[in-house]
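Where a number appears in this text, it was derived from the coordinates with a stated rule and is not lab data. This structure is a prediction, so every number in the text was calculated from the model and none was measured. Glycine also receives a Cβ, built like all others from the backbone with ideal geometry; neighbour counts cover every protein chain displayed.
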Amino acid sequence: MSSHQIPEENLPAEQEAPHGAVRVADEENPFADPGLPPHEPRVQDIDERAAKRSERTVALLFTVSMLATVGFIASFVTIPHDKSIFVFPLGHLNAMNFALGLTLGVALFTIGAGAVHWARTLMSDEEIADERHPIEASPEVRAKVHADFKQGAKESVIGRRKLIRNTMLGALTLVPLSGVVLLRDLGPLPGTKLRHTMWSKGKLLVNMNTNQPIRPSDVVVGSLSFAMPEGMSEHDENFQSEIAKAALMIVRLQPGDIKDKRELEWSHEGIVAYSKICTHVGCPISLYEQQTHHALCPCHQSTFDLSDGARVIFGPAGHALPQLRIGVNDEGYLEALGDFDEPVGPAFWERG
Ligand code: FES
């Protein structure tokens, strides 16, 4: 609504003098303070219907924020973690991440938009010049701050505009719930999951490069190859978490070079299978020196002697690599004779 459509009786009385003194620079005072421009009333200042419309707009924005927060919580609880959706032009996205981001974004944006609209249309926009004064919390200053605060509250019309106040309080109360709900992702505790891998008696050792079961004749002295349990696929939902525990290094030694008695018993014709996961902080071990039988972790140079129970001979790793007991099945393929007899990976287990 423009000012010429507003009923004349609603227009403010002609200001006798402009707000703030306007001075002109002259020879005596070349830096005269020009003062503040006269205050221009907004349509909401002179038309209660426009003010009501603004009030409803602000309340609507705060209400949308409340609904978005409820949507955030509902998305977190109801959408499966692995569900994906197609969103143009972004492509395929995880449905839960998309819903959480969208609803939280709307919840925060509408609180901000509501506050801005409230300030621009309903709160007092009259500029006031305040004189500088010493920074000192005297009783008078405190009394003035208190009075200013009350004046600000009065000018924000929060007392009179109960709809705005209530919806704003509702929006601000609900938004922190988003953070509380996310705490659920701290659980559940792993239980004994980290103590077991997919290896079990009779599981074939499958070459991770060729995806084929391994025969003893495939493993030549001095070579290093990597294996996983049969039945695993990169497309499995849990592939990453399971291969992070089950990955094996396969090395063939001359049986006479094996110094550790148990290692020799758990090997097959000099073929030994050790966890590929470094016992320092869990990097995959990928380097092997065939003359010395040393396996080296590239992350912090922990070095393990594969001819002597994979004990640590250098570096920060806390304990030897776990060995998997292997044999050969009736069809001539290498197979596991059980799971690892200790947890794989970082030395947390020795402390925990
Ligand atoms: S992770 Fe292997 S040495 Fe640090």
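In what sequence, highest mean first, do 77-85, 313-321, 284-292 appear when ranked by Cβ atoms within 10 angstrom? Mind showing how you got there, number by number?
Details: 77-85: 11.3, 313-321: 17.8, 284-292: 14.6.
My ranking of the peptides, most packed first, is 313-321, 284-292, 77-85.
If you place +1 on the Cβ of every Lys and Arg and -1 on the Cβ of every Asp and Glu, how big does the dipole about the Cα centre of the chain come out, in debye to the nearest 20? All intermediate terms of the calculation are to be shown ahead of the outcome.
Working: 32 positive and 45 negative charges, 274 e Å.
Magnitude of the dipole: close to 1320 debye.
Over 20 Å between Cα atoms: which of Lys201/Lys245; Lys52/Lys150; Lys83/Lys245 fall into that group?
Working: Lys201/Lys245 16 Å; Lys52/Lys150 23 Å; Lys83/Lys245 25 Å.
Distance filter (> 20 Å) returns Lys52/Lys150; Lys83/Lys245.
Excluding same-chain residues fewer than 8 positions from Lys154, which aspartates and glutamates have a Cα within less than 15 Å of its Cα?
Asp45, Asp125, Glu126
Before anything else, pin down the relative contact order of segment 193-351: Cα pairs under 8 Å, at least 6 apart, normalised by residue count, whole percent.
Values: 366 pairs, mean separation 41.4, N = 159.
It rounds to 26 percent for segment 193-351.
Which is farthest toward the positive dipole end of the chain among Ser302, Asn97, His196, measuring Cα position about the Cα centre, with Cβ charges +1 (Lys, Arg) and -1 (Asp, Glu)?
With unit charges placed on the Cβ atoms, the residue in question is His196.
Enumerate by residue number the trypsin sites (Lys or Arg not before Pro) in segment 122-179 meeting two conditions: DSSP loop (anything except H, G, I, E, B), and at most 15 other Cβ atoms within 10 Å of the site's Cβ. Provide the component values of the computation, followed by the final result.
Numbers: sites: Arg132, Arg142, Lys144, Lys150, Lys154, Arg160, Arg161, Lys162, Arg165; in loops: Arg132, Arg160, Arg161.
Those satisfying the criteria are Arg132, Arg160.
Enter the Cα centre distance for the pair segment 189-208 and segment 40-54, rounded to the nearest angstrom.
Cα centroid of segment 189-208 versus Cα centroid of segment 40-54: 71 Å apart.
Which semi-axes, in whole Å and largest first, does the equivalent ellipsoid of segment 3-186 have when worked out from the alpha carbon gyration tensor as the square roots of 5 times its eigenvalues? Show your work: numbers first, answer last.
Details: eigenvalues 414, 96, 66 Å².
So the three semi-axes of segment 3-186 are 45, 22, 18 Å.
Take every Cα pair under 8 Å in the chain that's 6+ residues apart, average their separations, divide by the length, and report that relative contact order as a whole percent.
Details: 540 pairs, mean separation 43.0, N = 352.
Reported as a whole number, the value is 12 percent.
Which helices pass in the chain if a helix is a full DSSP H run, must span at least 30 angstrom along its long axis by Cα, and must have mean Kyte-Doolittle hydropathy not below 0.0? Display every interim value, and only then the final one.
On the way: long enough: 48-78 (44 Å, 0.71); 95-121 (38 Å, 1.13); 162-182 (32 Å, 1.29).
Within the chain the helices that satisfy the rule are 48-78, 95-121, 162-182.
For q = 0.07 Å⁻¹, what log10 I(q)/I(0) does the chain give under the Debye formula with an equal point scatterer on each alpha carbon and no solvent?
-0.61
Distance between Cα centroids, segment 125-162 to segment 71-99: provide it in whole Å.
Value for the Cα centre distance between the two parts: 47 Å.
Stretched out fully, how many nm does the piece from Asp125 to Asp308 gain, at 0.36 nm a residue minus the Cα gap?
Stretched fully, the Asp125-Asp308 segment lengthens by 57.7 nm.
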